[in-house]
Amino acid sequence: QVQLVESGGGLVQPGGSLRLSCVFSGSIFSIYTMGWYRQAPGKQRELVASITNDGTTNYADSVKGRCTISRDNAKNTVYLQMNNLKPEDTAVYYCNARRAYYPPFWGQGTQVTVST
C-alpha cells in the first residue's frame, strides 16, 4: 500500500518561500506521476503542480513562475518549492501519487499559511 508523508508547511510572510516535501513508500516510486494539490477553506481541492515519471511538469496558472516541482527517484521524494508566496496561497497542501488504471493515493496534508 502506497503511503505519502508530507512535510515543510508552516506560517510565512507574503513574499516568503517554503519547500514542501513528500516521501513515498510502499511501491515503485519511479512509475508514478506525482502531484501537489491544495484546498483552501470553502474551496475545492485544486491541482498546483504535477510531475510525470519522465520529469514532465505541469503547473496551475496561479503558481507558474513562482513554484517548482521536482522529484528525486533515489530518495522516493517529491518537492514543491514555493517562492513569492501570497495570502491566496494559504491552504492545506496534499501530495498525490497516481498511475494509469489504479486509484490515486493521497497524503494527510500540510498546512501553508501566508500572512503578516
Under 7 Å between Cβ atoms, which residue pairs at least 6 apart in sequence (or on different chains) link something in region 1-16 that is assigned to a loop (DSSP other than H, G, I, E, B) with a partner that is surrounded by 13 or more Cβ atoms within 10 Å (Cβ to Cβ) and of a type in the set (F, W, Y)?
V2/F24; V2/F105; G9/Y93
K43: within 15 Å of C22 (Cβ to Cβ) and part of a loop (DSSP other than H, G, I, E, B), yes or no?
no
Filter result (buried (at least 17 other Cβ atoms within 10 Å of the Cβ) and hydrophobic (A, V, I, L, M, F, W, C)) within region 1-22
V2, L4, V12, L18, L20, C22
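If we keep just the residues of region 81-94 that are open to solvent by less than 50 Å² (accessible area, probe 1.4 Å) and in a strand (DSSP E or B), which is nearest to P14 (Cα to Cα)?
As a first pass, look at region 81-94 and keep what is open to solvent by less than 50 Å² (accessible area, probe 1.4 Å): 82, 85, 89-94.
Checking the rest, the ones that are also in a strand (DSSP E or B) come to 82, 91-94.
On the way: M82: 11, A91: 14, V92: 17, Y93: 17, Y94: 21 Å.
It comes out as M82.
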Tell me whether region 51-73 contains one or more residues that are within 18 Å of V5 (Cα to Cα) and over 11 Å from the mean Cα position of the chain (by Cα).
yes
Can you find even one residue in region 61-80 that is open to solvent by 50 Å² or more (accessible area, probe 1.4 Å), closer than 20 Å to L11 by Cβ and assigned to a loop (DSSP other than H, G, I, E, B)?
no
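The values are calculated or read from the model by the stated rules, or taken from the named source; none is laboratory data. Predicted model, so just to flag it, every value in this text is computed and none were measured. Glycine also receives a Cβ, built like all others from the backbone with ideal geometry; neighbour counts cover every protein chain displayed. For the accessible areas, the whole protein counts, side chains as well, though only heavy atoms, and no ligand, DNA or RNA atoms are used. Shrake-Rupley method; radii C 1.70, N 1.55, O 1.52, S 1.80 Å.
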